[in-house]
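The values are calculated or read from the model by the stated rules, or taken from the named source; none is laboratory data. Nothing here was measured: the structure is a model prediction, and the numbers come from that model. All Cβ positions, glycine included, derive from the backbone under ideal geometry; neighbour counts span all protein chains shown.
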């Protein structure tokens with residue numbers, strides 16, 4: 001069988017694309033490596049910025065996306081995609097057990113937040129541990145939180161959180177930031193941000209929610225405990241580009257180069273959601289990408 005479009009990933013971008021593709025009567029297959037659809041929002045305790053569904057749980061929102069696709073009869077296949085390759089006018093999606101042929105591919109594989117790898121991190125994700133200040137910051141209004149990192153994202157997160165939080169600790173393992181000078185200056189001027197230099201988080205503690213973090217000072221070789229209600233980890237994001245990085249152009253960080261139309265450097269391959277170059281990585285922009293990707297696929301199929 002030759003599909004009109006194969007969608008890689010079933011987070012908000014992939015599921016949105018699946019819904020639009022099915023409504024367009026395209027012969028569609030969604031390949032997802034995990035047992036559940038939804039992507040990163042499955043680990044989000046509460047989503048407060050998706051229009052019309054204020055306060056919905058992340059898991060519930062992910063399930064609603066999947067239910068919508070299921071209702072329309074979208075075909076899903078569970079497998080890990082090893083690579084996408086060009087075969088004349090067609091594309092081949094190679095998994096560990098079989099190869100699928102398709103006229104077009106939508107890459108919606110998302111991105112993965114780099115983790116600290118410390119005790120308590122996995123257990124308290126969504127219960128005070130967050131990787132997105134703009135997603136979850138509103139839940140910590142008037143509280144004390146910590147931000148971990150030293151790049152632009154960490155500095156921006158600290159400034160964003162300082163607007164609503166009582167106190168923000170900015171924890172960096174080195175003695176200088178990597179972020180833009182203008183952001184550094186703003187951080188230093190913000191009264192409720194305290195920078196903790198040469199420090200690393202060794203453990204995140206709490207019963208069912210974040211209560212404190214254990215810090216180690218790399219210069220003084222001392223440990224201290226810091227009471228916080230939330231910790232925002234901003235130590236980088238890794239786009240999940242392994243399957244396509246050899247056939248499309250990626251930027252220095254590994255994001256697939258594509259604009260709002262999701263068109264990549266390889267005709268017939270489109271990138272939607274967190275895996276592509278973009279300004280804002282949120283559920284709403286991922287869903288919009290999925291819709292745009294199908295529109296671009298339809299235009300591409302007319303040229304074949």
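Computed quantities for the displayed model
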| read-out | value |
| --- | --- |
| Residue match in segment 79-87 (condition: out of contact with any strand residue (DSSP E or B) (no Cβ under 9 Å at 6 or more places or on another chain) and assigned to a loop (DSSP other than H, G, I, E, B)) | no |
| Qualifying positions in segment 256-267 - surrounded by 21 or more Cβ atoms within 10 Å (Cβ to Cβ) and assigned to a loop (DSSP other than H, G, I, E, B) | 258, 262, 264 |
| Number of the exception - residue 159 against (1) over 30 Å from residue 81 (Cβ atoms); (2) free of Cβ contacts under 8 Å to residues at least 40 places away in the same chain; (3) more than 21 Å from the chain's Cα centre (by Cα) | (3) |
| Residue selected from segment 103-128 under the condition outside any loop (DSSP other than H, G, I, E, B) and surrounded by fewer than 24 Cβ atoms within 10 Å (Cβ to Cβ), by the criterion modelled with the highest pLDDT | 119 |
| So residue 168, is it modelled with pLDDT of 95 or more and more than 21 Å from residue 54 (Cβ to Cβ) | yes |
| Qualifying positions in segment 268-296 - assigned to a loop (DSSP other than H, G, I, E, B) and within 18 Å of residue 102 (Cα to Cα) | 268, 272 |
| Matching residues in segment 35-55 - criterion: being in a helix (DSSP H, G or I) and touching a residue at least 60 places away in the same chain (Cβ under 8 Å) | 39, 40, 41, 43 |
| Subset of segment 236-250 [part of a loop (DSSP other than H, G, I, E, B) and under 19 Å from the mean Cα position of the chain (by Cα)] | 236, 240, 241, 242, 243, 244, 245 |
| For residue 66: the one exception among (1) in contact with a strand residue (DSSP E or B) (Cβ under 9 Å, 6 or more places away or on another chain); (2) assigned to a loop (DSSP other than H, G, I, E, B) | (2) |
| Verdict on residue 57 being under 30 Å from residue 203 (Cβ atoms), modelled with pLDDT under 95 and out of contact with any helix residue (DSSP H, G or I) (no Cβ under 8 Å at 6 or more places or on another chain) | yes |
| Test for residue 219: is it over 16 Å from the mean Cα position of the chain (by Cα), within 28 Å of residue 171 (Cβ to Cβ) and surrounded by 21 or more Cβ atoms within 10 Å (Cβ to Cβ) | no |
| Subset of segment 212-235 that is part of a loop (DSSP other than H, G, I, E, B) and in contact (Cβ under 8 Å) with a residue 60 or more places away in the chain - its residue that is farthest from residue 145 (Cα to Cα) | 235 |
| Selection count where residues are assigned to a loop (DSSP other than H, G, I, E, B) and either surrounded by fewer than 20 Cβ atoms within 10 Å (Cβ to Cβ) or in contact with a helix residue (DSSP H, G or I) (Cβ under 9 Å, 6 or more places away or on another chain) (or both), scope segment 129-162 | 7 |
